[in-house]
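S.K.: The structure under discussion is supplied below as structure tokens; questions concerning it will follow.
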Amino acid sequence: MKITIVGGGLGGLTLARVLRVHGVESTVYELDGSPTARDQGGTLDMHGESGQRALREAGLFDQFRAVARDEGEAMRLMDGKGVVYVDDVAPEPGGRPEVDRSALKRILVESLPAGAVRWGAKVTAVTPSSVTVDGEIIESDLVVGADGAWSKVRPLLSDARPVYSGLSFVELHLSDVDAQHPDAAAFVGPGSMFALDHGKGVMAQRNGDGRIRVYLAIRAEDEGWVATELVDPADPVQTRLRLLEIFDDFAAPLRGLIADADEAFVPRAIHALPVGHRWPRVPGVTLLGDAAHLMSPFAGEGANLAMLDAAELALALAATGTTGAVEDALATYEAAMFPRAEQAAYASATNLVECFEPGGAQRLAGFMGG
């Protein structure tokens, strides 16, 4: 059985690893030139029933625990004035520890043999039985789209495309915070901090590399406005001033995260696939992770679901034993994945609205029992 995985993110790598644990080989094709070719994103909380389960199936749970940060579960929730509604310290180890996405990716990459991932591979065409990579046609018994929001594989199964949510982020960083920004480090704490008010948000998370990663949430009808009118990579001084003006009604410590940040400001429009996205069974091809069920981050499920998708798909394929039974494996996998993804996508879409309506902080605190 020749399995081609398009996309070398957490989902694609987890699929390749769990398949290998069960003696099934596959090849991952990833456009990035290396595992560290670009910033890999922030920190993730690994859920026991999904992300952690996938790591156990991959035989990598001990490696994960070695880099996980239990203290990262701490969370503060406040409004824009700085009134705190929830201030939870990290629970005892064993819950949902945080791990830097880059560290998790490194563990997965190092678990695969040389050649299992083809870095710098540009996929230009896909059919249910082949992938064209850098002009080479690669025949496959199964093509798996693990290639994210703008998947090249998805059109084989579905006409759905991600839709702009009406919310955009501006990502910024504070580096070496314990030494350079001790007040910000104390304010954010060892985990995550959320400040929601007036349809805006300042969300910060402590990373394991000494950084605080901040996401400024801004409502904007035009999905391109933040990238074209607000953030100017060539003029970080004016970008910072514009952001401070937008958040001029937020408390001083929250504005301080903007004022003291490094000079890199990254716009990110938030998109999602329709809640309940699914497709009829198409022989020889399937999707996992964001390619299958892209959602906003407001359910905290994206990476966890991608890894669980990968583990369950790998287990279903490994159980078939023959190429002819692949369709049964795909049907089994999709039958479980579709309702699970729909539930998470509904929660994500609902939470996005609830968080950015008036009183979002108080309402979220009530949901959390704060």
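The values are calculated or read from the model by the stated rules, or taken from the named source; none is laboratory data. Here the structure is a predicted model, which is why all the values come from computation and not from measurement. Because the Cβ atoms are built from the backbone with ideal geometry, glycine has one as well, and the counts that use them run over all protein chains shown.
S.K.: Can you name every residue in region 346-370 that is of a type in the set (Asp, Glu) and under 21 Å from the mean Cα position of the chain (by Cα)?
M.R.: In the first step, residues of region 346-370 are kept if they are of a type in the set (Asp, Glu); the result is 354, 357.
If the condition is that a residue be of a type in the set (Asp, Glu) and under 21 Å from the mean Cα position of the chain (by Cα), then Glu354 is the only one that fits.
S.K.: Please indicate, with yes or no, whether at least one residue in region 210-228 is closer than 26 Å to Met337 by Cα and assigned to a loop (DSSP other than H, G, I, E, B).
M.R.: Here is the first cut: in region 210-228, the residues closer than 26 Å to Met337 by Cα are none.
Checked region 210-228: no residue is closer than 26 Å to Met337 by Cα and assigned to a loop (DSSP other than H, G, I, E, B).
S.K.: Go through region 1-94 and tell me which strands (runs of 3 or more DSSP E), entirely inside it, have 1 or more residues that are within 19 Å of the chain's Cα centre (by Cα), in the same structural domain as Ile107 (by TED's automatic domain parsing) and among the charged types (D, E, K, R).
M.R.: Details: elements: 3-6, 26-30, 43-45, 75-79, 84-88.
Those strands (runs of 3 or more DSSP E) span 26-30, 43-45.
S.K.: How about region 143-160: which of its residues are assigned to a loop (DSSP other than H, G, I, E, B), of a type outside the set (Val, Ile, Thr) and touching a Leu at 6+ places or on another chain (Cβ under 7 Å)? So that I can check it myself, show each step before the final result.
M.R.: To start, the set of residues in region 143-160 that are assigned to a loop (DSSP other than H, G, I, E, B) comprises 146-153, 157-160.
Now narrow it down to the ones that are of a type outside the set (Val, Ile, Thr): 146-152, 157-160.
Ala146, Ala149, Ser151, Leu157, Ala160 - these are the residues of region 143-160 that are assigned to a loop (DSSP other than H, G, I, E, B), of a type outside the set (Val, Ile, Thr) and touching a Leu at 6+ places or on another chain (Cβ under 7 Å).
Yes or no, residue by residue, for (1) surrounded by fewer than 19 Cβ atoms within 10 Å (Cβ to Cβ); (2) more than 30 Å from Ala185 (Cα to Cα):
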site: Leu10; (1), (2): no, no
site: Gly23; (1), (2): yes, yes
site: Ala37; (1), (2): yes, no
site: Leu44; (1), (2): no, no
site: Ala58; (1), (2): no, yes
site: Val86; (1), (2): yes, no
site: Val99; (1), (2): no, no
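S.K.: From Leu112, Leu142, which residue is crowded, with 20+ Cβ neighbours inside 10 Å and either over 18 Å from Met307 (Cα atoms) or not charged (D, E, K, R) (or both)?
M.R.: Answer to the selection: Leu142.
S.K.: Right, something else. Here are Gly42, Gly33: which of them is within 18 Å of Gly302 (Cα to Cα), touching a residue at least 40 places away in the same chain (Cβ under 8 Å) and not β-branched (Val, Ile, Thr)? Step through it out loud before you land on a result.
M.R.: Numbers: Gly33 fails: within 18 Å of Gly302 (Cα to Cα).
Just one listed residue meets the conditions, Gly42.
S.K.: Looking at Gln205 and the list (1) assigned to a strand (DSSP E or B); (2) surrounded by fewer than 21 Cβ atoms within 10 Å (Cβ to Cβ); (3) out of contact with any Asp or Glu (no Cβ under 7 Å at 6 or more places or on another chain); (4) not small (Gly, Ala, Ser), which single condition is not satisfied?
M.R.: Here Gln205 meets the rest and fails (2).
S.K.: On to the next question. Could you grab the pairs with beta carbons closer than 6 Å, sequence gap of 6+ or different chains, first residue in region 238-252 and within 12 Å of Gly82 (Cβ to Cβ), second one of a type outside the set (A, V, I, L, M, F, W, C) and surrounded by fewer than 16 Cβ atoms within 10 Å (Cβ to Cβ)?
M.R.: Pairs that qualify, where the first residue is within 12 Å of Gly82 (Cβ to Cβ) and the partner is of a type outside the set (A, V, I, L, M, F, W, C) and surrounded by fewer than 16 Cβ atoms within 10 Å (Cβ to Cβ), are Ala251/Lys81; Ala251/Gly82.
S.K.: Only residues that are touching a residue at least 60 places away in the same chain (Cβ under 8 Å) and within 18 Å of the chain's Cα centre (by Cα): list them for region 203-225, please.
M.R.: Within region 203-225, the first condition is being touching a residue at least 60 places away in the same chain (Cβ under 8 Å), and the residues that meet it are 205-209, 213, 217, 219.
Selection gives Gln205, Arg206, Asn207, Gly208, Arg213, Ala217.
S.K.: From the list Ala306, Ala318, Ala311, Ala344, which one is more than 20 Å from Leu44 (Cα to Cα) and out of contact with any strand residue (DSSP E or B) (no Cβ under 6 Å at 6 or more places or on another chain)?
M.R.: Details: Ala306 fails: more than 20 Å from Leu44 (Cα to Cα); Ala311 fails: more than 20 Å from Leu44 (Cα to Cα); Ala344 fails: more than 20 Å from Leu44 (Cα to Cα).
Answer to the check: Ala318.
S.K.: Still on this structure, please answer the following. Answer with yes or no whether Leu273 is closer than 27 Å to Ala74 by Cβ and among the hydrophobic types (A, V, I, L, M, F, W, C). Outline the logic, then answer.
M.R.: Values: closer than 27 Å to Ala74 by Cβ: no; among the hydrophobic types (A, V, I, L, M, F, W, C): yes.
It is false that Leu273 is closer than 27 Å to Ala74 by Cβ and among the hydrophobic types (A, V, I, L, M, F, W, C).
S.K.: Here's something else I'd like to know. Restrict the check to region 271-280 and report whether at least one residue is at pLDDT below 95, touching an Asp or Glu at 6+ places or on another chain (Cβ under 6 Å) and over 19 Å from Gly148 (Cβ atoms). Before the answer, list the steps.
M.R.: Step one: list which residues in region 271-280 are at pLDDT below 95, which gives none.
No.
S.K.: Do any helices (runs of 4 or more DSSP H) lying entirely in region 257-370 carry at least 3 residues that are in the same structural domain as Gly41 (by TED's automatic domain parsing), at negative phi and surrounded by 16 or more Cβ atoms within 10 Å (Cβ to Cβ), and which ones are they? Talk me through it step by step, then tell me what you get.
M.R.: Details: elements: 290-293, 302-320, 326-356, 360-367.
Result: 290-293, 302-320, 326-356.
S.K.: Further question on the same structure: Return the residues of region 109-133 that are part of a loop (DSSP other than H, G, I, E, B) and either under 19 Å from Pro35 (Cα atoms) or modelled with pLDDT of 95 or more (or both); say none if nothing qualifies.
M.R.: Pass one, region 109-133, residues part of a loop (DSSP other than H, G, I, E, B): 111-116, 120-122, 128-129.
Ser111, Leu112, Pro113, Ala114, Gly115, Ala116, Gly120, Ala121, Lys122 - these are the residues of region 109-133 that are part of a loop (DSSP other than H, G, I, E, B) and either under 19 Å from Pro35 (Cα atoms) or modelled with pLDDT of 95 or more (or both).
S.K.: Looking at (1) touching a residue at least 40 places away in the same chain (Cβ under 8 Å); (2) part of a helix (DSSP H, G or I), which one does Ala185 not meet, given that it meets all the others?
M.R.: (1) is the only condition that Ala185 fails.
S.K.: Read through the list (1) within 18 Å of Asn351 (Cβ to Cβ); (2) under 23 Å from the mean Cα position of the chain (by Cα), then give the number of the only condition that His198 fails.
M.R.: Going through (1) within 18 Å of Asn351 (Cβ to Cβ); (2) under 23 Å from the mean Cα position of the chain (by Cα) one by one, His198 breaks only (2).
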